[in-house]
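The structure under discussion appears below in the form of structure tokens.
The values are calculated or read from the model by the stated rules, or taken from the named source; none is laboratory data. Since the structure is predicted, the reported quantities are computational estimates derived from the model, not experimental observations. Methodologically, a virtual Cβ is constructed for each residue, glycine included, from the backbone with ideal geometry; neighbour enumeration extends over all protein chains shown. Just so you know, the surface numbers come from the protein's heavy atoms only, side chains and all, with ligands and any DNA or RNA stripped out. Shrake-Rupley method; radii C 1.70, N 1.55, O 1.52, S 1.80 Å.
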Amino acid sequence: MALLNGRWERELQEQISLLSAGSAESSEQPEHLGTGLTRIGLLHLSDEVLILILRQLDPVSLLRVGSTCRTMFRICSCSSLWTPHFQASFGVPFAAATCSVSAKDGFRLIFMWRTLYKSLHFNRSLQEKLFAEIPFPPDKYWIQWLVLEETVPLPPVRLAFGEIETLWGIQTDLLERKEQETADEGTLTLEWSELHRRALQQHGSLAVVFQHVLNQHEPSDHRELEDLFYQYRRHRFHWFFSYWLFRQPAPLDRQLRTIYLQWRPHSRRKVSSWGSALCDVRYLASLHQVTADYWRGRLACGDEAAGIQTVENYFSMCKSLVAWILGRGWGGLKRKKVYEDTLRGVYRLLRREMLDSLVERDRFWQVAKMQMCRVCTLAETAINYVNWKMIETLPYYKLYLVSGNVIYLQHVQSFLSRKRLVHDWIHLEENSWLRCLLSDELYRLLEYDTKITQDGLHGDSVSAQLTRVLWLYLHSGQQLYMEALKAMALQCAHASLGYYAALAAGGLLPLPGW
């Protein structure tokens, strides 16, 4: 069966979802919409010529053109336009002469049903419609659609002979005599695959089965189907992610939970409800950048199945990465930092690729091994863990992870050496008075292991001004910034000295060190 797939199918889902959400208004499009250039162009052509032109469009484009004005809506709803799309999408011809619904409506209904049915394993709203009354059959509206599917993951259905004939047109004389004899009070229990086989046997082809079901549904109110389809469009990533995360077999579930939380900062209180109804799934998705992107529908061009496969391949890579790191004779802090930095690097390198297509596990692991080598090189450059934590916010650090260019390692080394020069200057014996007079905040800025954050660069305070000069020196290496740094530190110290001298003169405070 030819199925819609890829980006084209997702766009069609979006268009049909919009059409479903506003189906009551579809035929009431205002005349002025899209009638600027269209009125003097396409709308001057006859309906027959327009139909010939519109036959070249795919269903997405056809729906978009039909939403421009009432005239185009009428023409784009023509059955001769939708009949080829029906066969191309569902693999069966549409019998326009004997079907009581239009080809466009039939396409829309079957498309919504097929899309929802493919999501049955994680779509709880649809499960409630189909499973709620087991062992009794669900609502006839939903049970009638199921004969279109050859494989249905539901228990055998128990129905009266008359209902079987009414729902699917299967005549009672087609049922075997033995089944009739064993039937209980005029009812019969059948597997869904058997019902599908008997429907084909009765009608002669799948196309006629489709036609029968559509004819039966012609007087039905489809708002429930439309609402479920709209819900699916809005929540499919959340539903699929929850299903994947919590529906693993017990051993795999424990393993996935361990890998998912391994060396990742998280709230123990929030993850303690893992898999329960109270679990904050959005929070769990936010723990990894890849899962956060999937939650927002940003992986694999918005394909939920390909996106979750990318997520699964990502965690398969994480599992191998953890095993590799644990095999090294490192301490806990180094293991954690190698793991976190490697994952950040993998995400930076593959982010665009993940947005566009499925990323295989081998591709993840290939990039992860390269990132681990670069992270270990940065660790050796930093020499110790304190330096390593300090340089992680540097742009050179991130650029080296992405590019592997050794020039960025040289920038990191220069940064650390300049940091050491500032530290050595403030700790000179001749500057002991300076250390006593500087405020704790300013003195801390000149210490070797102090990180310079982006937030600290803004503002008019003395601390912000000193931070900016220090930042310029550390990143440029120009001596004039070092001299300006010394001058500012001396100026601040003299200002403090004058302040203490004034207090001492008033008998309020002795001078420090006197």
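Between the amide H of A160 and those of L188, distances stay under 5 Å, these residues lying 5 or more places away or on another chain, with hydrogens modeled in the peptide plane.
For region 345-365 versus region 225-275, the spacing of their alpha-carbon centroids is 21 Å. Within the assembled protein chains, the solvent-accessible surface assigned to S273 is about 30 Å², based on a 1.4 Å probe. Other residues within the sphere of radius under 13 Å centred on the Cβ of H475, judged by their own Cβ, net out at +3 (K and R +1, D and E -1).
On region 248-382, 49 percent of the accessible area sits on carbon and sulfur atoms, based on a 1.4 Å probe.
Pairs spanning more than 18 Å between alpha-carbon atoms, out of K369/K451; K369/K389; K336/K389; K419/K451; K337/K369: K369/K451; K369/K389.
The Cβ shell under 15 Å around D221 holds other residues with a net charge of -2, Lys and Arg each +1, Asp and Glu each -1. Protein heavy-atom accessible surface, 1.4 Å probe, per residue over region 376-514: 56 Å². Roughly to the nearest percent, how much of the accessible area of region 415-504 is carbon and sulfur, given a 1.4 Å probe? Carbon and sulfur together cover 55 percent of it. Of the residues Y396, S439, F415, the one whose Cα sits farthest towards the positive end of the charge dipole of region 367-472 is Y396 (charges of +1 on Lys and Arg Cβ, -1 on Asp and Glu Cβ, taken about the Cα centre). Using just its DSSP H runs of length 4 or more, each adding -39500 (n - 2.57), the chain gives a mean residue ellipticity at 222 nm of -20500 deg cm²/dmol after division by all residues.
Using θ = phi - 60° in the Karplus curve 6.51 cos²θ - 1.76 cosθ + 1.60, the 3J(HN,Hα) couplings for region 440-452 round to 4, 5, 6, 5, 5, 4, 8, 6, 5, 8, 7, 7, 9 Hz; x is entered for Gly and Pro. Among the protein heavy atoms, those of C373 account for about 90 Å² of accessible surface (1.4 Å probe, every chain in place). For K336, the shell of other residues with beta-carbons less than 14 Å away shows a net charge of +4, using +1 for Lys and Arg and -1 for Asp and Glu. For Rg and Dmax of the Cα atoms in Å, the candidate list reads (i) 34.5, 118; (ii) 26.0, 93; (iii) 25.0, 87; the entry that matches the value derived from this model is (i).
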